[in-house]
1. How many of the residues making up the stretch A:360-392 are farther than 14 Å from residue A:415 by Cβ and either in contact with a helix residue (DSSP H, G or I) (Cβ under 9 Å, 6 or more places away or on another chain) or not in a strand (DSSP E or B) (or both)?
2. In the stretch A:367-383, is there at least one residue being at pLDDT 95 or above, buried (at least 20 other Cβ atoms within 10 Å of the Cβ) and within 16 Å of residue A:106 (Cβ to Cβ)?
3. Kindly provide the set of residues from the stretch B:93-119 that are within 18 Å of residue B:42 (Cα to Cα) and buried (at least 19 other Cβ atoms within 10 Å of the Cβ), ordered by number.
4. Mind listing whichever residues of the stretch B:152-184 are closer than 21 Å to residue B:93 by Cβ, within 14 Å of the chain's Cα centre (by Cα) and part of a loop (DSSP other than H, G, I, E, B)?
5. Counting residues that are in contact (Cβ under 8 Å) with a residue 60 or more places away in the chain and closer than 19 Å to residue A:352 by Cβ, which strands (runs of 3 or more DSSP E) fully inside the stretch A:49-153 reach at least 1?
6. Is one or more of the residues making up the stretch A:173-190 under 29 Å from residue B:182 (Cβ atoms) and in contact (Cβ under 8 Å) with a residue 40 or more places away in the chain?
């Protein structure tokens with residue numbers, strides 16, 4: 001598909017609640033206010049290649065100057081040093097953490113094959129990895145390289161799915177061809193090509209819908225109607241539908257084993273301050289509901305500029321406020337038998353940690369206990385100890401996956417490693 | 001550069017190498033030896049004389065390491081660099097980062113500014129686009145963020161164009177396109193001119 005026709009089909013995808021909502025919001029904005037706001041003309045091809053810049057919005061304060069995204073050590077962290085860090089990680093009684101494998105550069109989302117291979121996506125380094133071999137002798141193989149920020153991967157019916165910013169690729173019989181991956185099929189490409197918030201997380205439900213979030217190309221802006229949303233894609237026929245609107249940057253989610261509902265983590269806007277707004281855990285209880293971005297943050301803070309008369313009560317509030325700048329990424333419902341019974345159906349969230357905050361927070365794993373309808377939610381810190389001083393890291397948890405034995409594996413894109421958290425012996 | 005300054009830099013270089021953990025004499029020798037191959041194109045001491053080839057001297061350690069990792073993984077595609085980096089081990093990359101970052105950085109060009117109006121425009125663009133937020137006030141870079149000050153002008157222009165067109169991937173992939181998307185080619189020229197001559 002050409003870029004031109006892609007832009008058109010993105011526009012077509014927006015014929016829906018999204019388009020109606022966008023139009024209403026523009027009218028509500030009023031001419032005087034709208035003049036001060038960044039707005040997009042997404043009808044032109046150029047937008048989908050180069051959206052206007054407003055990462056910083058030009059409104060960070062003098063006190064916030066100099067905050068920027070920290071970079072991990074380029075070649076990862078040697079195993080002996082990681083072992084030392086893991087000794088300092090705090091966990092509830094009875095749990096322990098160990099190094100499962102090191103040397104997985106910028107490791108992000110993980111997915112199990114059905115023959116025991118762990119597939120791992122990556123952020124800056126455009127690799128996808130396969131990890132094979134017995135415990136203690138894990139081998140890391142680069143099976144794909146040169147992709148565009150392939151953070152999001154999924155596995156279903158023998159096929160590996162990889163999000164390559166503007167297309168979702170399917171590699172059939174992946175596990176039998178680790179040394180020579182087959183040419184991929186493009187199963188979906190109705191996706192913008194810009195990298196800003198373009199990296200993805202992929203989640204299948206049991207019916208074969210593939211959930212994928214589309215972030216806005218900005219920190220805070222009035223985005224065009226076909227981003228700031230979560231779609232679900234049917235890779236069999238390339239059709240998609242919108243399941244959530246008003247979503248900023250979501251790079252984590254899971255399907256509730258109790259109900260089949262999709263839950264997701266969401267990173268809130270930057271530059272409002274060290275302590276607001278909170279990042280979120282959300283639950284989609286009906287198709288197409290709106291989670292507030294860019295009008296309302298954390299369920300109760302109207303954006304100082306972009307609220308434009310909207311009230312937070314118009315939008316679905318989060319199930320849980322996770323904290324400001326904790327950067328929740330991958331999450332999983334716990335379905336295993338190894339952990340104590342109280343952990344069943346709890347959610348584990350990998351918090352990547354701050355950059356837009358003077359004292360970093362997050363960089364930990366949080367446990368959330370919540371009922372299937374999103375009520376009575378409470379959270380507690382499950383694993384922590386990766387922050388070094390004010391603005392440095394020893395590691396940054398990025399994703400979680402359950403191992404067949406019920407232990408948890410944690411991907412860390414700072415240390416370029418994967419850890420195992422187990423309970424009991 | 002004065003002899004005194006060179007000696008001071010040599011002292012800093014030795015200290016930096018020790019701090020970086022490339023501490024043994026063999027590591028130092030190995031990194032220096034490997035870097036000689038770099039200098040064939042990137043200039044003696046990592047100070048480039050070729051307009052489209054960047055100076056490496058004084059680039060931040062982690063920036064050099066990340067670029068080599070991107071070249072090795074073909075995330076950043078430059079044929080000659082992809083070939084060279086494919087043969088580098090993690091230890092080589094750490095050694096090169098420590099050594100090259102320890103070399104005295106390039107100095108502002110000696111001849112007078114032939115386009116002062118371009119320099120002024122570049123300074124204003126740098127301010128408006130928040131370049132210093134990441135690259136620091138003196139544009140010396142930090143962490144995995146490049147030193148821009150006194151880099152080759154045509155190379156700076158090439159890098160800016162590559163970020164704008166999306167050819168350049170890897171680090172800064174969110175922030176850099178964001179900074180350059182709204183800029184026209186004249187803006188990019190002004191920025192490159194300003195940064196290459198920065199004092």
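1. Residues meeting the conditions: 16.
2. The answer is no, given that none of the residues of the stretch A:367-383 is at pLDDT 95 or above, buried (at least 20 other Cβ atoms within 10 Å of the Cβ) and within 16 Å of residue A:106 (Cβ to Cβ).
3. Kept after step one, since they are within 18 Å of residue B:42 (Cα to Cα), are these residues of the stretch B:93-119: B:93, B:95-109.
Result: B:93, B:95, B:96, B:97, B:98, B:99, B:100, B:101, B:102, B:103, B:105, B:106.
4. Passing the criteria: B:171, B:172.
5. Working: elements: A:95-102, A:107-112, A:118-122, A:128-132, A:139-144.
Ranges flagged: A:95-102, A:107-112, A:118-122.
6. For the stretch A:173-190, residues under 29 Å from residue B:182 (Cβ atoms) and in contact (Cβ under 8 Å) with a residue 40 or more places away in the chain: present.
Residues checked against (1) more than 11 Å from chain A (Cβ to nearest Cβ); (2) at pLDDT 95 or above; (3) touching a helix residue (DSSP H, G or I) at 6+ places or on another chain (Cβ under 7 Å):
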residue	(1), (2), (3)
B:99	yes, yes, yes
B:112	yes, no, no
B:117	yes, yes, no
B:124	yes, yes, no
B:128	no, no, no
B:134	no, no, yes
B:143	no, no, yes
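Yes or no, residue by residue, for (1) surrounded by fewer than 23 Cβ atoms within 10 Å (Cβ to Cβ); (2) away from chain A (no Cβ under 14 Å):
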residue: B:153; (1), (2): yes, yes
residue: B:169; (1), (2): no, no
residue: B:175; (1), (2): yes, no
residue: B:178; (1), (2): no, no
residue: B:189; (1), (2): yes, yes
residue: B:194; (1), (2): no, yes
residue: B:199; (1), (2): yes, yes
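The values are calculated or read from the model by the stated rules, or taken from the named source; none is laboratory data. Just so it is clear, the model here is predicted, and its values are computed rather than measured. Note that each Cβ is placed from the backbone with ideal geometry, even for glycine, and that neighbours are counted across all protein chains shown.
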